[in-house]
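Notes to accompany the following structure.
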Amino acid sequence: MAVTAQPEIWHNPRCSKSRQTLALLEARGFSPLIRLYLQDGPDEATLEAVLSALKKSPIDIMRSKDALFKDLGLSIDTTDTALTNAMVANPALIERPIVRMGDEARIGRPPESVLEIL
């Protein structure tokens, strides 16, 4: 079967799960658009679109165990707007990797979870 659509991966090359997910996409014949989201962070509209595609709330895609999360005074009780603003300002808070394909997205933890949308 020919691959006709191109997935996008929000990638951090230093992350083993991100590298594994990228390798999985490539092994399936995809040449994904690679977004190095730590350097090219999403704006609010893009992040909202990804949240919608994931069918998740902001806290669900945050690295809440990261020191930065605590340093910024964030918690599970922080408003969705404040969490989204924190991720836009600090893309390192976004769980990785995220793969988008059309109107759907998945977090690559485990990497095989992205196969659901391909």
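Figures for the structure shown
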{"read-out": "J(HN,Hα) series, segment 95-101, from Karplus relation 6.51 cos²θ - 1.76 cosθ + 1.60, nearest Hz, glycine and proline x", "value": "4, 10, x, 10, 10, 10, 8"}
{"read-out": "Given the chain, longest segment not containing exposed loop trypsin sites (Lys or Arg not before Pro) (DSSP; at most 11 other Cβ within 10 Å)", "value": "66-118"}
{"read-out": "C-alpha center-to-center spacing [segment 8-36, segment 42-118] in angstrom", "value": "17 Å"}
{"read-out": "Distance (nanometres) between label positions extended 7 Å along Cα→Cβ at residue 76 and residue 55", "value": "2.2 nm"}
{"read-out": "Potential extension, residue 45-residue 14 segment - 0.36 nm per residue separation minus Cα distance", "value": "8.5 nm"}
{"read-out": "Whole-Å semi-axes of the chain's equivalent ellipsoid (Cα gyration tensor)", "value": "25, 14, 12"}
{"read-out": "Calculated FRET efficiency for the pair residue 65/residue 5, C-beta based, R₀ 35 Å, to 0.05", "value": "0.55"}
{"read-out": "From phi via Karplus (6.51, -1.76, 1.60), per-residue ³J(HN,Hα) for segment 18-23 in Hz, x at Gly/Pro", "value": "5, 5, 5, 5, 4, 4"}
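Here, each number is a calculation from the coordinates, and none is a lab measurement. All figures in this text were calculated on a predicted structure; none of them were measured in a lab. Cβ atoms come from the backbone with ideal geometry, glycine included; neighbour counts cover every protein chain shown.
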